[in-house]
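A short reminder: the numbers here are calculations on the coordinates, not readings from a lab. These numbers come from a predicted model, not from an experiment. Here Cβ is always computed from backbone atoms with ideal geometry, including for glycine, and neighbour counts include all displayed protein chains.
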Amino acid sequence: EELLLAVVLADSFDDRFKPLTVDRPRCLLPLCNVPLIEYTLEFLALSGVRKTFVFCQANSAVVRDYIRQSKWGKKTSLMEVVPIVSQECYSVGDALRELDAKQFLDSDFILVHGDLVANFSLETALAEHRLRKTRDKNAIMTMVLKSASPLHNTRDISSASVFALDAGSNACVHCETLDVFPRKNSVTLDCEVFKKHPELELRNDLIDCQIDICTPEVLALFTENFDYQDMRRDFVHGVLTSDLLDKTIYAHILDHAYAARATGLRLYDAVSKNVLRRWADPIVPESMTQGDDRYQLVKGKWYKGERVAIARSSRIGDNVLLGSGCVIGENVTIENAVLGPDCRIGNNTRISGAYLWEGVQVGEQCSIDRSILAAGAVLHNGVTIAAGSVLGPQVSKKPSCLL
């Protein structure tokens, strides 16, 4: 039996999370106090992957050190995780061409990004992929897509796509990304497509988390064409519209599973809320522990870590997670928020819909609404942080400051 391999792209190749990614890559940003890459690696381990290559470029030393010190770096780990460092890659295409040059992958592999949160196993999709390869010698890839309503909170409207699928085989015959700016309201299909595929499904209700089961031929095609930079816009669209490449790409549709990527601040908020609401069960705070941290579900509404001190006069609302060692002062109100380890909250402070990472210090009479405060941020007394604000690491705000 072949060893099941996977590739995790630790780099996002964009700056959506700046200034939060100045000192660490997106894959190590905490989501419900757990680095994003932990959710991705747990998903791969659940799917039976035995060896994973983590491809990193920006802050590569940080990623490499994290993997070495985590449970994945121990000899007892059931899945071997190997970091691959390259300083010359600036896109997904560059990364895959680098992997092809290194000749690490000689069998089918799973390709995902390091900001993926999913609660299902790829066992069924892998079985279908292998079966298709025996029937179709031109099959090179299976895209795993999730059906959801057009208004689902984990849908990335900036990269929504329309997929044209053969109704019988789920072969993808057309894939097109719908740009928001300028807005694209139409899709053009070649008439030849309808001759070859009498029954087509046009799907715009699919969330694409960029989970792909690939053959090694995918890497070779990237190497042959340096115009391929993005997996969907360039590679999939290029293969399906090429007159020279007679290759087939299939889709596997998920109906009852959770899968989402934290590709931006809005989706970071949405995925965090979904984990707190237990929509991604069994991916819940008490199962995704780090080190000695343990979380307890209180009254079925909020989570408390170890050594947390809360004043009696304070109120903790629904969908709140308090990291280990947090200290909450008098008359504090917290709702729909995540506090990292060792946060200190002063008296008469209100926190709503916000994310405070490890070691944040908040003074008295402060107000924080729908914002992110990175590790080590300090707010002095009377500071107001309005919705949509992002404070980078170690930022300090003077008393009575309004942001």
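Observations
- Within region 303-397, antiparallel bridges make up roughly 0 percent of the DSSP beta bridges whose residues both belong there.
- Length gained on full extension, Ser91 to Lys74, computed as 0.36 nm times the residue gap minus the Cα-Cα distance: 3.1 nm.
- Chymotrypsin sites (Phe, Trp or Tyr not before Pro) within region 1-66: DSSP coil, no more than 10 neighbouring Cβ in 10 Å: none
- When the pairs Lys71/Lys304; Lys133/Lys247; Lys18/Lys398 are compared against a 19 Å limit on Cα-Cα distance, Lys71/Lys304; Lys18/Lys398 fall above it.
- In a reduced charge model with +1 at each Lys and Arg Cβ and -1 at each Asp and Glu Cβ, region 5-276 shows a dipole moment near 820 debye about its Cα centre.
- Most positive-pole-ward Cα, Asn336, Val63, Thr21, against dipole of the chain from beta carbon charges: Asn336
- The antiparallel fraction among DSSP beta bridges confined to region 25-115 stands at about 25%.
- Label point at Asp281 placed 7 Å out along Cα→Cβ; residues across region 295-320 whose backbone nitrogen lies under 20 Å: 295-304, 318-320
- Compactness index (Cα Rg / 2.2 N^0.38 Å), the chain: 1.05
- Restricting the trypsin sites (Lys or Arg not before Pro) of region 257-341 to loop positions (DSSP other than H, G, I, E, B) with no more than 16 neighbouring Cβ atoms within 10 Å leaves Arg277, Arg278, Arg294, Lys299, Lys301, Arg307, Arg312.
- Calculated P(r) tail over 18 Å for region 303-397, as whole % of Cα pairs: 32
- With respect to the chain, whose longest principal axis is taken over its alpha-carbon atoms, helix 36-46 is tilted by about 50°.
- Using alpha carbons only: equivalent-ellipsoid semi-axes of region 170-220, gyration tensor based, whole Å: 21, 19, 12
- FRET efficiency, 1/(1 + (r/R0)^6) with R0 30 Å, evaluated for Ser400 and Ala61 via beta carbons: 0.15
- Full-extension gain in nm, Glu123 to Glu217, via 0.36 nm per residue minus C-alpha separation: 31.7 nm
- The modelled label-to-label distance for the pair Leu202/Asp179, using points 7 Å beyond Cα in the direction of Cβ, is 2.0 nm.
- Cleavage-rule hits, chymotrypsin sites (Phe, Trp or Tyr not before Pro), region 190-247, DSSP coil, Cβ neighbours within 10 Å at most 15: Phe226
- When the chain is described by a simple charge dipole with +1 on each Lys and Arg Cβ and -1 on each Asp and Glu Cβ, the residue from Pro216, Cys326, Ile110 located farthest towards its positive end is Cys326.
- Ellipticity at 222 nm from helices only: DSSP H runs of n ≥ 4 in the chain, each -39500 (n - 2.57), divided by the residue count, give -5500 deg cm²/dmol.
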